[in-house]
1. How many lysine pairs does the chain hold where the Cα atoms are under 23 Å apart and the two sit 8 or more places apart or on different chains?
2. For ASP65, ASP111, ASP96, give me the order by solvent-accessible area with a 1.4 Å probe, most accessible first, ignoring ligands, DNA and RNA.
3. Whenever you get a sec, line up ASP69, ASP76 from highest to lowest accessible area (probe 1.4 Å, protein heavy atoms).
4. In square nanometres, what is one fourth of the surface area of the convex hull spanned by the alpha carbons of the chain?
5. Kindly sort ARG117, ARG19 by accessible area of their heavy atoms, largest first, with the probe set to 1.4 Å.
6. Starting from the Cα of SER7, move 7 Å in the Cα-to-Cβ direction to define the label point; list residues of region 109-124 whose amide nitrogen is under 19 Å from there.
7. Accessible area of the chain with a 1.4 Å probe: how many percent of it is carbon plus sulfur?
8. Just the number please: accessible area per residue for the chain, 1.4 Å probe, all protein chains included, in Å².
Amino acid sequence: QVQLVESGGGSVQAGGSLRLTCAASGYGYIEYNMHCMVWFRQAPGKEREGVAALNTAGSKTYYDDSVKDRFTISYDNPKSTVYTVYLQMNSLKREDTAMYFCAAEPGPCRDFTWRLRYNYIYWGQGTQVTVSS
């Protein structure tokens, strides 16, 4: 069983930056098996959408066009029982306002369908990001 806990959300003005953190634990499983780690976001009244993903083995990354060149997903090489995935968000826009969720599934990210929420079995509770003009 894997537990995911997000942190780092907050309120920021447009053009500012935030770094979200996802701490994954419960996980001799993640340490020894490839996982796809993904950041999703959901704005009020909208569908949950994938914004960035990475393979824990090989470091291949994926980005939605709306955040490419502004957001960066990365992770710490596991040296303990907590595995950490980050989402560095720069040049934030009002339309980035949403609840951000960390998600994971065993195996590599799916090249063409990584954005689909139904692929992921592990989810965090989310962290709110609010961008004001």
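The values are calculated or read from the model by the stated rules, or taken from the named source; none is laboratory data. Given the structure is predicted, the values throughout are model-derived calculations rather than measurements. Because the Cβ atoms are built from the backbone with ideal geometry, glycine has one as well, and the counts that use them run over all protein chains shown. Accessible surface areas use protein heavy atoms only, side chains included; no ligands, DNA or RNA. Shrake-Rupley method; radii C 1.70, N 1.55, O 1.52, S 1.80 Å.
1. On the way: LYS46/LYS68; LYS46/LYS93; LYS60/LYS68; LYS60/LYS79; LYS68/LYS93.
Close lysine pairs found across the chain: 5.
2. Working: ASP65 115, ASP111 80, ASP96 0 Å².
Descending accessible area places them as ASP65, ASP111, ASP96.
3. Working: ASP69 155, ASP76 70 Å².
Reading off the accessible areas and sorting them downward yields ASP69, ASP76.
4. One quarter of the hull surface, i.e. the mean projection, equals 7.3 nm².
5. Numbers: ARG117 75, ARG19 125 Å².
If we order ARG117, ARG19 from most to least accessible, we get ARG19, ARG117.
6. Output list for this probe position: 123-124.
7. On the way: 3260 of 6760 Å².
Of all accessible area on the chain, carbon and sulfur atoms account for 48 percent.
8. Numbers: 6760 Å² over 133 residues.
With the other protein chains kept in place, the chain gives 51 Å² per residue.
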